[in-house]
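The structure under discussion appears below in the form of structure tokens.
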Amino acid sequence: MFSIEKAEEINDFSNISDNFRSLKMPSLIARFPKLLWLFSKSDISTFVVPDTAFGIFGALSGTLLTTNSSPDLISTLLRTPLVAGFIWFNVLVFELANQRLPESIIEDRLNKPWRPLPNGLITPVQTRRFLLAVLPIFLGISVGMGVWRETSILFTLTYMYNDLKGGDEDFIVRNLIIAAAFGVYNEGALRIASGPGHAPTTLGFTWTAIVSCIIFSTMHVQDMQDQEGDLAKGRRSAPIVLGDWVARWTVAIPVTFWSVFCPLYWDTSILGWVLPIVVGSIIAVRELWLREPEADHTTWTNNLPVDRSGMWSSLLHFCASPACRSPNGRNQIDAMLPMHHDEHASPIPAAHNEYSSAFIKARDRACFPESLLPHFINRILSLNSRNTSGKMALFESQHLTYAEELQKLTLAVTLMFISLFSSVIYVAILDFSKTYVVPPKHFPKRSWKTVFFKPKIDAPLVEPKPGSNDFKEVLERGSRLYPDRPYRIPHHPYEWVIVPYKMIDEIRNIPESKLSFQQGSYDFFMGWHTGVTNHERTVANILKTGVNRIIDVVYGVVQDESYRTVLENIGDCPDWTTIQLLPRTVSMIMAISQRVFVGDPLCRDPEWLYCIYQVTQNAFGSVPSLWKYNWFTRPLAAWRHPALKSVRSHREKAKRMLKPVLEKRLKDMEDSDFKPAPDLMQFVLDATQKTGEGRSLDYQVNAIIGTGRAALFTTGLTIYQLAYDLATHPEYIEPLREEFLELGDVPLTRANVNKLVKLDSFVRESQRHSKFMLVGTFRKVMKDITLSDGTRLPAGAYVGTNVQDAVFNNSTLEDPYKFDGFRFAKLRAQGKGQMYQSVQTAADHLVYGHGNQACPGRFFAAHEAKVVTSRILMNYDFKIKNMPDAHPFSHVKGIMTEANPSVEFEFKKREWAYP
């Protein structure tokens, strides 16, 4: 969770000045245009665009909003640069005053590193001096433009927002300041756009006030996207003060109201009705429906935000323009005001001129919509005149009847409901589309035929017994009935062909173009919904071809981080302390792997670690629950599945958090003195220099999350099962400690860790007795193949082997059912070292797969597991508090094993702990 205090720990403000010492005035002048753009970039679409639109549209409305009775289109448009310039230089003053503050620099270094100060393009002192220089210059310019009062007020509001902390005080105070600023911006824009010697009318000032009310009632939409950050900073934003759900309604209701009110106020044409209502409906529905922080971020920044892009507010401004006027709407005001057009005198009979003129002036002062007041007109005329024919003449001349007004209101309400319904459909489709994850580029396109036409395989089918879903029993029965030939089992995605032990070596090295592990995993874990095994081939190749180099580069990181995270997760434990170990081993591996993947400081950010944990746990956790749905209902189930909604939400959050880190890395790489960081992000950048794919944020997020998914739970489970097996076989603990001590005080490099032969043997034996999957070495058939016994496997089929049968029933080891932690150390002592390492796959050691598509990250995973286990052994005594009835990995769902996290361990810090 971000906080200013945390940011100061990462980059203390006292160090900021060090980045600017080399800045000289000539270089500052050379980059002056870039500085101006970067300072004001964020507010171009927020203030400059909508407020310029307000001024231009308002000036073109003629005597409705300004005293210019005959605005010329060309002349008005030619004043656009003046209007935009007035708004822009006041925005620039605001941004200079805001971005120079120490807390703003610290926050921008994390969230907006492209801004001039965190980017090192200008110093805080130079920014302050720049602000001092431009204040009198811009004030003088505003005097020449006739808007010096507006500029003075804006300077005051800037001081209140920044230096007096009005922007952080409370969301109501902040909204008031921003609404007031919008009002002054709009009034100044209208004054400039109407031309020299002209000014806003009473109605113009009132419309400006209405727009400020719109801003005041909707501006807190920006608070929805960073509620955790605001809570950490102590800001009293709307969702924190009111609660998330109430705050969303306080945005949706005003947006809906103003989308109807403004067209109704101006009695616009159908164009003026449709555009604001449609856009406002989409905003309101998104705000209530899409409640994740990432969706709020999109609503505010990219899609249809209330004010960030200015689309909705600009459309409301458009309602006052001539293009939107109804033939019977407010465009008749000019004709009803003798002070503007004497030749267009009111057609109301003379007997009523006194009352009608009084009404028009009162209406102009109060700015009531003409189309909403037929009953008010009727009341005045009925009380003050006996001339019924005159009263009827007034209504006939203005075409205002109750039936017409009721028809307009009915049309408005109907249009609003249609628009809201359409917006619900639009947002639902938009949200539903996120259910599908883009597959890796090297995957062939999926054909609709695979949905309806399943491959036919000539092999016996072994099904679960009626009322049972025990696939352990199914596989045991199948391998007993068909020990030398393939058989089928009915399991998602369709059916699995289980080949006998003797065929494992036959399928292990068939090329990926014919038998694909990644495609099989992708389909099994429903990667198009969960994202599991969604990595690009380049990432796998990095691990496959450069894993030893990676370990050699990052061993120091693993060594230091393992010590820190073991002590942090298990604690001091001066006495026997009860701990549920599995969540902590996962946390340990997550800390180490993220240090290797993204480096400091992001790897230490609890928010980042939580995102990685959620996208991993929920992706795998959702798989069994989706198996029960068919091809038609599964996408709908995935769309609304809480776990997958969490995956999508946290992935977008991780993407936002990684963005400034990647941008900074790319900028640093341009420096000739750049030293590559020892992390996965840099490895991906280096490996994709030719294509440039690694520079893509999505590509990096997929690489980091995908690799993390492969390592996080499997390695965390490995350490958990090692601790369990050590606790149930305590006779191995002291020999393993002695082996580590014999290693000496040396860095835990790849070569030194490989010397821990007994520990490596224990790891392999532990993995042999604990299976992650009941079916191993599974592949998807990409092209038709025929096995040695004549069994034809058509494209689209899935093939694997019975792990229990391979590891135990067909094992060549002596007494394979016995747990012998040092059996492989003994075998290696007989001269078979390479063959019996824990990372070496075999037909009876399938934990990492087998053959040319075995897990490429197994070397790093095994290195991590052994280093962490050594840290635990050397620093703690431990035992199981209450022995469970069954092995923690005995429970299965389908063909997946499920670890029992509730096993309680007791830990105690050793009197002599190894540092």
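Just so it is clear, none of the values below were taken in a lab; they were calculated from the coordinates. Note that the coordinates shown come from a computational prediction; the quantities given were computed from them, not determined experimentally. Positions of Cβ are generated from backbone atoms using ideal geometry, with glycine treated the same way; all protein chains shown enter the neighbour counts.
Give, in nm to one decimal, the length gained when the segment between Asp244 and Val413 is fully stretched (0.36 nm per residue of separation minus the Cα-Cα distance).
Contour length minus Cα-Cα distance gives 58.1 nm.
Using the Cα gyration tensor of the stretch 139-222, with a ≥ b ≥ c the square roots of its eigenvalues, what is the shape: rounded (a/c below 1.5), prolate (a/b larger than b/c) or oblate (neither)?
Oblate shape, in that a/c is at least 1.5 and b/c is the bigger or equal ratio.
Could you pull out the pairs from Lys449/Lys628; Lys472/Lys879; Lys472/Lys544; Lys465/Lys818 whose alpha carbons sit more than 27 Å apart here?
Pairs exceeding the cut-off: Lys472/Lys879; Lys472/Lys544; Lys465/Lys818.
Can you give the relative contact order of the stretch 36-134 as a percent, counting alpha carbon pairs under 8 Å and 6+ residues apart?
28
For the stretch 695-843, count all C-alpha to C-alpha pairs, find those more than 25 Å apart, and express that count as a whole percent of the total.
46
With a 10 Å radius around each residue's Cβ, average the other Cβ atoms per peptide and rank 159-169, 865-875, highest first.
865-875, 159-169
Go ahead and run the numbers for FRET between Trp289 and Lys454, Cβ-Cβ distance against an R0 of 45 Å, rounding to 0.05.
It comes to 0.75.
Is the stretch 514-583 rounded, prolate or oblate when judged by the Cα gyration tensor, a ≥ b ≥ c being the square roots of its eigenvalues, rounded requiring a/c under 1.5 and prolate requiring a/b larger than b/c?
Oblate, because a/c is 1.5 or more while a/b does not exceed b/c.
Which whole-number percentage describes the relative contact order of the stretch 812-915, with Cα contacts under 8 Å and a sequence gap of 6 or more?
Reported as a whole number, the value is 18 percent.
Step through the table entries Lys780/Lys866; Lys41/Lys645; Lys755/Lys826; Lys434/Lys780, compare each Cα-Cα distance with 22 Å, and write down the pairs that go over it.
Checking Cα-Cα distances, Lys780/Lys866; Lys41/Lys645; Lys434/Lys780 exceed 22 Å.
Could you calculate the contour length gain from Asn852 to Tyr159, that is, 0.36 nm times the residue separation minus the distance between their Cα atoms, to one decimal place in nm?
Separation in residues times 0.36 nm, less the Cα-Cα distance, equals 242.9 nm.
Below 8 Å, C-alpha to C-alpha, sequence gap of six or more: please give me the relative contact order for the stretch 465-604 in percent.
Rounded, it is 12 percent for the stretch 465-604.
Order 566-573, 272-279, 792-799 from most to least packed using the mean count of other Cβ atoms within 10 Å.
Descending packing order for the listed peptides: 272-279, 792-799, 566-573.
Can you work out the PRE-style zone for Ile44? Point 7 Å along Cα to Cβ, and I want the residues of the stretch 69-99 with backbone N under 19 Å.
Label zone hits: 80-96, 99.
Quote to one decimal, in nm, the extra length available between Thr812 and Thr633 on full extension: 0.36 nm per residue of separation minus the C-alpha distance between them.
Computed gain between Thr812 and Thr633 is 59.8 nm.
Give me the percent of Cα-Cα pairs in the stretch 57-130 that sit more than 14 Å apart, rounded to a whole number.
Everything past 14 Å amounts to 69 percent.
First select every other residue whose beta carbon is under 12 angstrom from the beta carbon of Met896; then total the charges, Lys and Arg +1, Asp and Glu -1.
Value of the local net charge: +2.
Any idea what Rg and Dmax come out to for the stretch 508-631 if you just take the C-alpha atoms, in Å?
In order Rg, Dmax, the Cα atoms of the stretch 508-631 give 18.1, 57 Å.
Measure off 7 Å from each Cα along the Cα-to-Cβ vector at Ala209 and Phe257, then give the distance between these two points in nanometres to one decimal.
Between Ala209 and Phe257, the label points sit 1.6 nm apart.
For the pair Val274 and Trp148, what calculated FRET efficiency results from E = 1/(1 + (r/R0)^6), where r is the Cβ-Cβ distance and R0 = 41 Å, to the nearest 0.05?
0.55
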